[in-house]
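Remarks on the structure that follows.
FYI, it's all coordinate maths here, none of it is from the lab. All of these numbers come straight from a predicted model, not from anything done at the bench. Glycine also receives a Cβ, built like all others from the backbone with ideal geometry; neighbour counts cover every protein chain displayed.
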Amino acid sequence: MKFEYSDYNVIVTGGTRGIGKAVTEAFLEAGASVTAVYAANDAAAADLREALAGRPLTTVKLDISNYADVESFFEDFDKKHESLEVLVNNAGIRRDGVVGMMPEADWSAVIDTNLSGTFNMSKFALMKMLQHKYGRIITITSPSGRMGFAGQANYAASKAGQVALMKSLSKEAARRSITANCVSPGFIDTELIADLPPEMRKEYSNQVPLKRFGTTVEVASSVLFLAARESSYITGSVLEVTGGI
Ligand code: NDP
């Protein structure tokens, strides 16, 4: 797909690895300036900067679950950027375990990053987008939030919460031409699911009608589709990119 995003400022959380990295690359390829936020992996951020040297890419180390840090990030962003057209809430973590055995810290870590992090980023992005009465907020959720998965109560709850957050935000922001949507990827080959044993990978692949895991580029294309100016009548929706699950 060919997209044109010249003069766009885009923020991608978790934008230096996995799905977020593909989203960052796709927006840069389409002419946008991208700020890619990451939590801790400096090496991955440095590799990406090196691979994309000469492109308008900034990487920022920021824990999106920390409200005060997110506020400071946006104060700085505001000084350097006239506008913000697109926020992609992609950063996410897993800490799997059955409810009966789940440490409170694993529950909180996942909710804090996946759900509160999405709230923190969306709140301040929205305030910036309101200045120009235009914007696209896209959040990467998961089928886990719709169906629930054994051993993923924290993750599933955070992903369902993201959908509810985007749907509510879409209603609040609609009058200002700001849309809020979700992309829900199925099994995508990234480090997030690198711990799946080979036999489970095979079993899961067989359950996918397209009989394979998806690629990060296939998810990125869906994000750029929703971010397009032409996607102006799509808001409060969830686009499934699951190979038919
Ligand atoms: P990865 O584990 O490959 O990458 C996660 C990214 O999020 C990293 O860049 C990481 O930073 C960043 N991150 C994690 N915590 C924070 C934080 N507190 N603050 C800022 N950045 C943070 O994940 P994927 O690319 O696989 O997943 C991306 C999104 O897609 C997630 O929301 C996930 O739930 C969702 N998803 C993934 C699926 C899959 O099969 N892979 C399926 C369905 C949904 P750092 O590099 O510093 O660690």
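Remarks
- Between helix 216-227 and the chain: long-axis angle, C-alpha atoms, 0 to 90°, nearest 10: 40
- Rounded to 5, the percent of DSSP beta bridges in the chain classed as antiparallel: 0
- Taking M129, M147, M121 as the candidate residues, the one with maximal mean-square fluctuation in a Gaussian network model of the chain, Cα springs under 10 Å, is M147.
- Relative contact order of segment 112-245, taken over Cα pairs closer than 8 Å and 6 or more residues apart, is 29 percent.
- 3J(HN,Hα) from dihedral phi, segment 139-153, Karplus parametrisation 6.51/-1.76/1.60, rounded to Hz, x for glycine, proline: 10, 8, 9, 7, x, 4, x, 8, 9, x, 9, 4, x, 9, 4
- Prolate/oblate/rounded call for segment 153-212, Cα gyration tensor, a/c under 1.5 rounded: prolate
- Dipole magnitude for the chain: about 720 debye, using +1 per Lys or Arg Cβ and -1 per Asp or Glu Cβ, origin at the Cα centre.
- Between the beta carbons of A68 and M1, assuming R0 = 35 Å, the FRET efficiency works out to 0.35 to the nearest 0.05.
- Pairwise FRET efficiency - A51 versus A150, Cβ, R0 = 35 Å, nearest 0.05: 0.35
- Most mobile of A91, A40, A125 in a GNM of the chain (Cα contacts under 10 Å): A40
- Dipole of the chain, positive end: most advanced residue of N89, L169, N9 [Cβ charges, Cα centre]: L169
- Each peptide in 222-228, 2-8, 160-166, 114-120 receives the mean, over its residues, of other Cβ atoms within 10 Å, and ordering these scores from highest gives 114-120, 222-228, 160-166, 2-8.
- Dipole-positive endmost among M121, G18, M101 within the chain (Cβ charges, Cα centre): M121
- The chain: calculated mean residue ellipticity at 222 nm from DSSP helix runs of at least 4, using -39500 (n - 2.57): -13000 deg cm²/dmol
- Near the amide H of T242, within less than 5 Å, lie the amide hydrogens of G186, all on another chain or at least 5 residues away, with H placed in the peptide plane.
- Applying a threshold of 30 Å to the alpha-carbon distances of K171/K211; K61/K211; K61/K123 flags K171/K211; K61/K211 as lying beyond it.
- When the Gaussian network model of the chain links Cα atoms closer than 10 Å, the mean-square fluctuations of M127, M102, M200 top out at M200.
- Span from the segment 1-45 Cα centroid across to the segment 52-71 one, whole angstrom: 11
- Percentage relative contact order, the chain, counting C-alpha pairs under 8 Å, at least six apart: 20
- log10 of Debye I(q)/I(0), alpha-carbon scatterers only, for the chain at 0.12, 0.13 Å⁻¹: -0.65, -0.76
- On full extension, the segment bounded by A43 and T215 gains 59.7 nm, given 0.36 nm per residue less the C-alpha separation.
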